[in-house]
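Let me begin by presenting the structure, written as structure tokens, before commenting on it.
The values are calculated or read from the model by the stated rules, or taken from the named source; none is laboratory data. These numbers were taken from a predicted model, which means no experiment stands behind them. Please note: Cβ atoms are built from the backbone with ideal geometry, for glycine as well, and neighbour counts cover all protein chains shown. Accessible surface is based on the protein model in full, side chains and every heavy atom, while ligands, DNA and RNA are left aside. Shrake-Rupley method; radii C 1.70, N 1.55, O 1.52, S 1.80 Å.
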Amino acid sequence: MQVVHVASEVFPFSRSGGLGDVLGVLPLVQARLGAEVTVVSPWYADVPDEVTEVWSGTLPDMSGPGLPVLPPVRVGEVRRGGVRFVFVGLPCFDRPGLYHPDDVWRFSQFGRAVLPVLAGLGVVPDVLHGHDWQAGLVVARARLSGVRGVFSVHNLQYQGRWNLPDGAPWTGLPDWTLTPEGLEFHGDVNLMKAGLVFASQVTTVSPTYAREITTPAFGEGLEGLMTRLEAEGRLSGILNGLDQERWDPRTDQDVPSFSDPAGKGAAVAALRAEFGLDGAPILASVSRLAEQKGMDLLILALPQLVQDWNVVVLGGGDPALEAGLREWAAHPRVVFAQGMNEPLAHRIYAGADAFAMPSRFEPCGLSQMIAMRYGTLPVVRLTGGLVDTVPGDVGFTFEQATAADLTAACQEAFAAFGDRADWAARVERAMALSFSWDAPARSYLGLYARVLSSPLSPLTGLDAPQEQAGAPA
Ligand code: GLC
């Protein structure tokens, strides 16, 4: 089976968060399980030099009537672990950083380029697996040419919207797709909807989030569509795994290695020394600083938290949250390291005692899994993947997205920390958990097989011309 993943980030070539992490491991595991796997992502300026240019030129037949011609494309390639990583080098990706305000336009170009690039490389997908809104258009275009799509939602909040008059021509899609049953959404073109509507199967990265997004509280305005997909048997949740080789306290080059709770002491001592912390336990967070992650709640809770804990935060994002944390960093029990720092992240996962994730919503969340693997006990809000991954006899949970509820859960954790036997038993259970990618990788392969043995996805409510709608490939 030839599987083609399409995503805007792929670790270690490009990454801003969990999406990149997933694309850095799922394809490799699927290849090990016997699938033929290609991964397509943009060739950003920051992608490392090891990518070799294999083709450059103008893509054939790219511009329909009224469509701006795509500029010449450079195509790069790397092979790793049996997987072919393909990079689409359009001029619009040739700037530092991954995401920019004109991304709907940039990923529309990407969406038009991917299938011709694959064709040029001789890759014929059986299933095209798109991830998040940046890949939505590719799933739609694949479906229109008879290729079955699976579309995974890693975060429903970012949808890739732009006003319809400007955005519609960028997509290069026929008018009948631009209705409310298709890509149209409150007067905008919505590229997330392109993936949702045209995929045979839609998945999200935990079973709990799959249920949550059918409700107004989590559906980001798409709960109606999600409810319909669920009713049609086209929506499911497959829990992410963790790259357990990359995140392994026994072999981690960035921390004093340890394989059991007793050995963790050295990592804790090292982190304490690195930041000159006192003897209080360490509560950490490694996170995008965003409303989703509830980091404002953490800041609001700090006056109480510092009574029990040293608090170490690594992350960047929202300037207001960064400023709030910078101010707090003057406190002897608060450390704020701004930005992304992979080695420091490892030292924090290993050296903290507890790990806070007060997320307002969390499609899956990887940090809590990493933390547990390093014997660091999570304090999490009960939402999405946090519900599905943090056992009650390991972590500490709370229900409401309020500073008061977060504080109470941290106080509960602090009390448990005082009971050495209870804490040690929790740490032991945490470190014994396994979040292998094997099971989820097999679940996706099973889903692809089902998709392949079913007719092309129905285009419910769309007025599709016969030949475009249903003709077999
Ligand atoms: C997004 C989600 C996060 C998930 C990750 C990988 O970053 O916010 O919850 O773990 O994607 O699927």
Review point. Of the residues that make up region 161-182, is at least one part of a strand (DSSP E or B), of a type in the set (A, V, I, L, M, F, W, C) and open to solvent by less than 30 Å² (accessible area, probe 1.4 Å)?
Key: no
Review point. So which residues in region 110-135 are more than 16 Å from the ligand (Cβ to nearest atom), in a loop (DSSP other than H, G, I, E, B) and touching a residue at least 40 places away in the same chain (Cβ under 8 Å)?
Key: VAL123, VAL124, PRO125, ASP126
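Please go through region 309-324 and pick out each residue that is in contact with a Leu (Cβ under 8 Å, 6 or more places away or on another chain) and either farther than 27 Å from SER14 by Cα or in contact (Cβ under 8 Å) with a residue 60 or more places away in the chain (or both). Spell out the reasoning first.
If we filter region 309-324 for residues that are in contact with a Leu (Cβ under 8 Å, 6 or more places away or on another chain), which is where we start, we get 309-318, 321-322.
TRP309, ASN310, VAL311, listed by residue number.
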Check your understanding: In this structure, is GLY276 open to solvent by 40 Å² or more (accessible area, probe 1.4 Å), in a loop (DSSP other than H, G, I, E, B), assigned by TED's automatic domain parsing to the domain that holds GLY24 and at positive phi?
Key -> no
Practice item. For GLY385, state whether it is at positive phi, crowded, with 20+ Cβ neighbours inside 10 Å and within 16 Å of the ligand (Cβ to nearest atom). Key: no
Study note, to complete from the structure: Note on region 35-59: residues in contact (Cβ under 8 Å) with a residue 12 or more places away in the chain and assigned to a loop (DSSP other than H, G, I, E, B) are ALA35, TRP43, TYR44, ALA45, ASP46, VAL47, PRO48, GLU50, VAL51, THR58, LEU59
Exercise for review: Could you tell me which of the residues LEU70, LEU28 is part of a loop (DSSP other than H, G, I, E, B) and out of contact with any Pro (no Cβ under 8 Å at 6 or more places or on another chain)?
Suggested key: LEU70
Point to revise | Whichever residue in region 351-382 is of a type in the set (Ser, Thr, Tyr) and in contact with a Phe, Trp or Tyr (Cβ under 9 Å, 6 or more places away or on another chain) and, among such residues, is most open to solvent (accessible area, probe 1.4 Å) | key: SER367
Check your understanding: Looking at this structure, is VAL390 open to solvent by 10 Å² or more (accessible area, probe 1.4 Å), of a type in the set (Val, Ile, Thr) and within 15 Å of the ligand (Cβ to nearest atom)?
Key -> yes
